[in-house]
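These notes concern the structure reproduced below.
The values are calculated or read from the model by the stated rules, or taken from the named source; none is laboratory data. Predicted, not measured: the structure shown is a model, and the values here were computed from it. Note that each Cβ is placed from the backbone with ideal geometry, even for glycine, and that neighbours are counted across all protein chains shown. These accessible areas exclude ligands, DNA and RNA; they are computed on the full protein's heavy atoms, side chains included. Shrake-Rupley method; radii C 1.70, N 1.55, O 1.52, S 1.80 Å.
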Amino acid sequence: MSDLDPVALARELIEIDSVNPSLVPGGVGEAAIADFCATWLAKRGFEVVRLGSPERPSIVARRSGAGGRSLMLNGHLDTVAATPGQLIPLERDGRLHG
C-alpha cells in the first residue's frame, strides 16, 4: 500500500469496528479507531492529544507550519449500526463501500 493512497486508508478505516454504544447496545466505541488515527497522524508529524473517556475518545491533531493560512479538518470516529459484513471493504462500480 502506498503511504498516501486514500482508498487503501479508507479500506483500513472501514475494517475497524467503531460502533457507537450510545446508539447501538453492545457497540465497542471508538477506542480502536482513535488509536489507529492517532498513530497514523503522529507518524506524519502531528501532535496528537486524546480527549474524553477511554471507550469514547476524541483526538485533536495539530501540526505547526511556517505561518500563513490554516486548514482544519473535522470529522467523527463512530459508526451507527454495523453488521460484520459492513466491516469488509468492497469495491463495486468504481466505488468503495463499507
Quiz item: Where residues in segment 61-82 are open to solvent by 80 Å² or more (accessible area, probe 1.4 Å) and not aliphatic (A, V, I, L, M), which of them is nearest to residue 32 (Cα to Cα)?
Solution: 76
Practice problem: Would you mind finding the one in 66, 10, 38 that is modelled with pLDDT under 90 and small (Gly, Ala, Ser)? | Solution: 66
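Rundown of residues vs (1) surrounded by 12 or more Cβ atoms within 10 Å (Cβ to Cβ); (2) in a loop (DSSP other than H, G, I, E, B); (3) basic (Lys, Arg), yes/no style:
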| position | (1), (2), (3) |
| --- | --- |
| 13 | yes, no, no |
| 17 | yes, yes, no |
| 21 | yes, yes, no |
| 27 | yes, yes, no |
| 32 | yes, no, no |
| 41 | yes, no, no |
| 50 | yes, no, yes |
| 59 | yes, no, no |
